[in-house]
Amino acid sequence: MFFKNLLKKVLLGVVFSLFLFFQAPFNTVLAADLTADLRTLPINPAGDTKVYSLQEIAQGERIFNAACAQCHVRGITKTNPNVGLAPQDLEGAVPSRDNVAALVDYMKNPTTYDGEFEIYELHPSIRSADIFPKMRNLTETDLEEIAAYILLQPRVQGERWGGGKYTY
């Protein structure tokens, strides 16, 4: 009986260890791999670009995970998996949201995908900070860093970022 229980515990330990091992992200990018080319992102519709620092990207990731990832984990949109944070989705929005300035504008005053209606009462934004407390203390720099992080992720994660129901 003792050996049977011990064998069960050992097997469970092995299974659990294997589970944890295979949960490790194999396609993660180290900070050293984020070259200046990858970190050069469009900042406005005119095509101007900026090279974001590793610190800015790390800060954008931290804030995104704290304020946005609850609904946008891995760039999907939990409330509408058909529209995520993938480049084709951002580009197809009206107005296009495929640059830092456009994403910052959206985080201040969100609209529907077709641009017809304001949705600040439904989507966290600076305008609705009284309803969504996580938005209260975000500065313009914070919003820019979040936008840079969002735009960098497809370059790092490929189709896994914002792939939604089509990827998983």
In region 72-81, how many residues are open to solvent by 60 Å² or more (accessible area, probe 1.4 Å) and hydrophobic (A, V, I, L, M, F, W, C)?
-> 1
Does Arg97 fit the bill of being touching a Leu at 6+ places or on another chain (Cβ under 9 Å) and either assigned to a loop (DSSP other than H, G, I, E, B) or modelled with pLDDT under 95 (or both)?
-> yes
Looking only at region 74-93, decide whether some residue is part of a helix (DSSP H, G or I), in contact (Cβ under 8 Å) with a residue 12 or more places away in the chain, within 19 Å of Met135 (Cα to Cα) and of a type outside the set (Asp, Glu).
-> yes
Among the residues of region 102-120, is there at least one that is in contact (Cβ under 8 Å) with a residue 40 or more places away in the chain, open to solvent by less than 60 Å² (accessible area, probe 1.4 Å), part of a loop (DSSP other than H, G, I, E, B) and over 20 Å from Asn44 (Cα atoms)?
-> no
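Out of Ile119, Ile126, report the one residue that is more than 23 Å from Glu56 (Cα to Cα), over 16 Å from the mean Cα position of the chain (by Cα) and of a type outside the set (Phe, Trp, Tyr).
Values: Ile126 fails: more than 23 Å from Glu56 (Cα to Cα).
Result of the check over Ile119, Ile126: Ile119.
The rows are residues; the columns are (1) modelled with pLDDT of 95 or more; (2) farther than 21 Å from Thr139 by Cα; (3) of a type in the set (A, V, I, L, M, F, W, C); (4) over 10 Å from the mean Cα position of the chain (by Cα).
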residue: Phe64; (1), (2), (3), (4): yes, no, yes, no
residue: Arg74; (1), (2), (3), (4): no, yes, no, no
residue: Gly84; (1), (2), (3), (4): no, yes, no, no
residue: Pro87; (1), (2), (3), (4): no, yes, no, yes
residue: Val104; (1), (2), (3), (4): yes, no, yes, yes
residue: Lys108; (1), (2), (3), (4): yes, no, no, yes
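The values are calculated or read from the model by the stated rules, or taken from the named source; none is laboratory data. Just so we're clear, the structure is a prediction, and the values are computed from it rather than from any experiment. We place every Cβ from the backbone using ideal geometry, glycine too, and count neighbours over all the protein chains shown. Remember, those area values only see protein heavy atoms, side chains included, never the ligands or the DNA or RNA. Shrake-Rupley method; radii C 1.70, N 1.55, O 1.52, S 1.80 Å.
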